[in-house]
Amino acid sequence: MTNPIYIDQKEILKYYKKPDEHTHKGIQGHALIIGGSYGKIGAVSLSSKACLKTGCGLVSVFIPKCGYTILQTAIPEVMVLTDIQDAIISEITFDVVPQAIGIGPGLGQAVETQNALYQFLKMNKVPIVIDADALNIISKNKKLLALLQPKTIITPHPKELQRLIGKWDSEDEKMSKAVSFSKQYQIIIVMKGAPTRIIDGETVYQNTTGNAALATAGTGDVLTGMISSLLAQSYEPISSAILAVYLHGLTADIALPETGYQSFIASDVIANIGKAFLSLEKLE
């Protein structure tokens, strides 16, 4: 395996663009987060809030009807579009024009949802981040991989990765399988773990931020929102993945002295995104 490029303080500044002080919401990008099902609307709440906090000008969500009041109440800054169904997503249709889409948090794997994902991927031309149940649906229907645009970003945790690329017996085998998979489908893999690695064909990046506090429910949904946000702000896909993973880990490093490992939750990632960005400004 080729040696990874370590994403540390020095390396990250190659990717980070300072915001223009004359910017307005119309040029800060519009992201759409698609997901949620009955009992799992929290995942979309986390994802969309993280998307806003990472600098996106406008964030919309597409969710089942049961999540409408929850989202409008929990995150008033987010615009809400709903499916015709109450508890699941059955048909993905929207009249907004996003620059990036994050799909999968809390989505569930109902048969109608699987079909909706297939129809959506067939038509979609917008840069996307695919996570959680959207990845699990693709694992069950591998033909969907052929529908992905080049440089689509997927963000599997170890179990989701295994469903996609098959079992491995060693770290080396896992990496070589992941590299082959990335090359075959021309996709960027954010391999969540300790450490998180980002695979873009033969090139492997290894993140240097983060700690065990991140091993808690919802942090992956937050990461999906962060990557989607940067994509919508016209960062290149690989830069969006690298920068989001670095900042995501950094929030846990910043918060740890106050929260300790045990009481850090996914909302603490979101609460510390601002501080993570400020620490980048100090490096320059």
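Summary of computed values
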{"item": "Candidates per trypsin sites (Lys or Arg not before Pro) in segment 115-217, loop by DSSP, up to 11 other Cβ within 10 Å", "result": "Lys125, Lys167"}
{"item": "Over 28 Å between alpha carbons, listed pairs Lys25/Lys192; Lys18/Lys192; Lys143/Lys183", "result": "Lys25/Lys192"}
{"item": "Sequence-distant aspartates and glutamates (8 or more away, or on other chains) whose Cα lies within less than 18 Å of Lys49", "result": "Glu77, Asp131, Asp221, Asp268"}
{"item": "The chain: C-alpha gyration tensor shape, a/c 1.5 cut-off, then a/b vs b/c", "result": "rounded"}
{"item": "Selection from Gly57, Tyr15, Val44, by position along the positive dipole direction of segment 1-79 (Cβ)", "result": "Val44"}
{"item": "Segment 1-60 - charge dipole about Cα centre, Lys and Arg +1 at Cβ, Asp and Glu -1, debye rounded to 20", "result": "120"}
{"item": "Prolate/oblate/rounded call for segment 57-170, Cα gyration tensor, a/c under 1.5 rounded", "result": "prolate"}
{"item": "Lys/Arg +1, Asp/Glu -1 at C-beta; segment 147-224 dipole; positive extreme among Leu147, Thr219, Gly193", "result": "Leu147"}
{"item": "Proximal charge balance of Leu223 [Cβ under 9 Å; K/R count +1, D/E count -1]", "result": "-1"}
{"item": "For segment 221-284 and segment 120-145, distance of Cα centres in Å", "result": "24"}
{"item": "Order by protection proxy (mean Cβ within 10 Å, highest first), peptides 63-73, 36-46", "result": "36-46, 63-73"}
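Where a number appears in this text, it was derived from the coordinates with a stated rule and is not lab data. All values reported here derive from a predicted model rather than from experimental measurement. Quick reminder, even Gly has a Cβ in these numbers, built from the backbone with ideal geometry, and neighbours come from all protein chains shown.
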